[in-house]
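Below is one structure, written out as structure tokens; the observations come after it.
The values are calculated or read from the model by the stated rules, or taken from the named source; none is laboratory data. Worth saying up front: this structure is predicted, and the values here are computed from it rather than measured. Note that we place each Cβ from the backbone using ideal geometry, even for glycine, and neighbour counts take in every protein chain shown. The protein model used for the area step is the full one, side chains on, heavy atoms only, and it has no ligands, DNA or RNA in it. Shrake-Rupley method; radii C 1.70, N 1.55, O 1.52, S 1.80 Å.
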Amino acid sequence: MDVSCGIDWAEDHHDIALVDTGGQLLARRRISDDAAGLAALTGLLAEHGDSAEDPIPVAIETPRGLLTACLRATGRKVYPINPMAVARYRDRHSVARGKSDHGDAVVLANILRTDAHVHRPLAADTELAQAIAVLARAQQDAVWDRTTAHNKLRSHLREYYPAFLAAFADTRGGITRPEARTVLAATPDPAAAAKLTTAQLRALLRKAGRQRGIDTEAARLREAFRAPQMRQPPLVEQAMGRQTLALLRQLDAACTAASDLEHAATESFSRHPDAGIITSFPGLGPLTGARVLAETGDDRSRFADAKGLKAYAGAAPITRASGKTRAVIHRRIKNQRLAAVGYVWAFAALTASPGARAHYDRRRQDGDRHAAAQRNLYGRLLSCLHHCLATSQHYNETTAFPAATTQLTQAA
């Protein structure tokens, strides 16, 4: 490349620097974060040889935002550089530890000039894949928010309302269930709960959408709320009940957001051509499949081999060696979202795939702890996924785990 562009991103403005192959600064400019700023940037690039056939590559510290999206739309390579990496490169140019927005733009441009081959540009994913990524990540964030809101509410209820927690302790979902939230909204303190009649409880359960076992559940809840329990002073109890209603509104909002985004993400995922291949794998459903697609994308050139995909997902170990010291540890720098869905995927595959179960058991027998064995299984499944997507074929148990399949056949 003859010219490299570096952009130091900020909230309301961006600093631009262009350098040639010799490191000579060709141009510098500060642009605004709007359409006029984008026009100024494209004009500056055009002045220095930018064209549709040979676009000037750009290095920027963020992989998202309107500026990055517009630059990707021009067909040029956009390299998102981690700010920590930029700080290390900055020290190569000066040991005085000086810093400026223009200086960072120059550093970014020089990163492309010297080391573009060791950095990965943003993948050329399709518009549908990018939309799925937005929805799947938002849904994952909503689930994490729901967990946070649940933990806050549960911790608060333990301080004055343990009977409510005990009443829903054995039900799937606990206090996040619709009937639990409906009952809690009507009875935010033990005094109000003790006054509920069976008929009122039946009405609340129907309001929450329950259709079966209403009479039995209402009787059980009435008995649980009237059981002896430790209590706070009346005024304190009422005040804590008001706080419960505030926390409950946060939980309701998080539950609604997670449910709505799950529907939107799975609906978009079902329209993607790779959906059938991804969900053919054991342990992957529409939602987890959408999360996998969101983080891996549909650009086949993004990962040259399965090894790169496993490293990106945190399923490949990393070796630290110095002199006679050598240690193999699990990878901490990874795509945290993909690693999170990988745990769910590998765990579900243990019951959905005999081959996956046999692979996990063999790793455990060889001395791996649970997390290490599960990570190894996740890496094996990712290798299979990379192959299936590259060859456009569905998952095959015999091909994925031939040794385990042979043993099961002989045992039968």
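Quick look at the values:
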| read-out | value |
| --- | --- |
| Odd one out for T399, checked against (1) closer than 20 Å to I277 by Cα; (2) buried (at least 20 other Cβ atoms within 10 Å of the Cβ) | (2) |
| Flag if D305 is open to solvent by 40 Å² or more (accessible area, probe 1.4 Å) and at pLDDT below 90 | yes |
| Residue under evaluation S301, criteria (1) in contact (Cβ under 8 Å) with a residue 12 or more places away in the chain; (2) part of a helix (DSSP H, G or I), criterion not met | (2) |
| A358 vs. criteria open to solvent by 20 Å² or more (accessible area, probe 1.4 Å), in a helix (DSSP H, G or I), at pLDDT 90 or above and farther than 23 Å from F401 by Cα | no |
| Top-ranked residue of segment 182-197 - restricted to ones that are touching a helix residue (DSSP H, G or I) at 6+ places or on another chain (Cβ under 8 Å) and open to solvent by 40 Å² or more (accessible area, probe 1.4 Å), ranked as nearest to C255 (Cα to Cα) | A185 |
| Residue under evaluation A311, criteria (1) in contact (Cβ under 8 Å) with a residue 40 or more places away in the chain; (2) among the small types (G, A, S); (3) in contact with a Lys or Arg (Cβ under 7 Å, 6 or more places away or on another chain), criterion not met | (1) |
| Subset of segment 64-108 that is at pLDDT 85 or above and of a type in the set (V, I, T) - its residue that is nearest to G37 (Cα to Cα) | T68 |
| Subset tally (residues that are modelled with pLDDT of 90 or more and open to solvent by 30 Å² or more (accessible area, probe 1.4 Å)) for segment 199-214 | 6 |
| Selected residue (criterion: farthest from E295 (Cα to Cα)) from residues of segment 372-397 that are free of Cβ contacts under 8 Å to residues at least 40 places away in the same chain and not in a loop (DSSP other than H, G, I, E, B) | A373 |
| Any strands (runs of 3 or more DSSP E) falling wholly within segment 1-101 and containing at least 2 residues that are closer than 16 Å to L122 by Cβ and touching a residue at least 24 places away in the same chain (Cβ under 8 Å) | 3-9, 58-60, 78-80 |
| Selection within segment 49-63 - open to solvent by 20 Å² or more (accessible area, probe 1.4 Å) and modelled with pLDDT of 90 or more | P55 |
| Complete set of residues in segment 81-101 that are open to solvent by 80 Å² or more (accessible area, probe 1.4 Å) and not charged (D, E, K, R) | N82, M84, H93, V95, A96 |
| Pair list, Cβ < 7 Å and 6+ apart or interchain, from segment 344-368 residues that are over 25 Å from T279 (Cβ atoms) to residues that are polar (S, T, N, Q) and open to solvent by less than 70 Å² (accessible area, probe 1.4 Å) | R363/N376; D368/N376 |
| Close pairs (7 angstrom Cβ cut-off, 6 or more residues apart or separate chains): at positive phi in segment 316-338, modelled with pLDDT of 85 or more and of a type in the set (V, I, T) anywhere | none |
| Members of segment 252-285 that are closer than 19 Å to R146 by Cβ, open to solvent by 40 Å² or more (accessible area, probe 1.4 Å) and of a type outside the set (A, V, I, L, M) | D252, T256, S259, D260, E262, H263 |
| Residues within segment 265-285 that are touching a Leu at 6+ places or on another chain (Cβ under 7 Å) and not in a helix (DSSP H, G or I), tallied | 4 |
| Matching residues in segment 102-146 - criterion: being open to solvent by less than 70 Å² (accessible area, probe 1.4 Å) and either part of a loop (DSSP other than H, G, I, E, B) or among the polar types (S, T, N, Q) (or both) | N110, T114, H119, P121, L122, A123, D125, T126, Q139, Q140 |
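Residue-by-condition table, conditions (1) modelled with pLDDT of 90 or more; (2) exposed (fewer than 11 other Cβ atoms within 10 Å of the Cβ); (3) out of contact with any Phe, Trp or Tyr (no Cβ under 6 Å at 6 or more places or on another chain):
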position	(1), (2), (3)
T325	no, yes, yes
K334	no, no, yes
R363	yes, no, yes
Q374	yes, no, yes
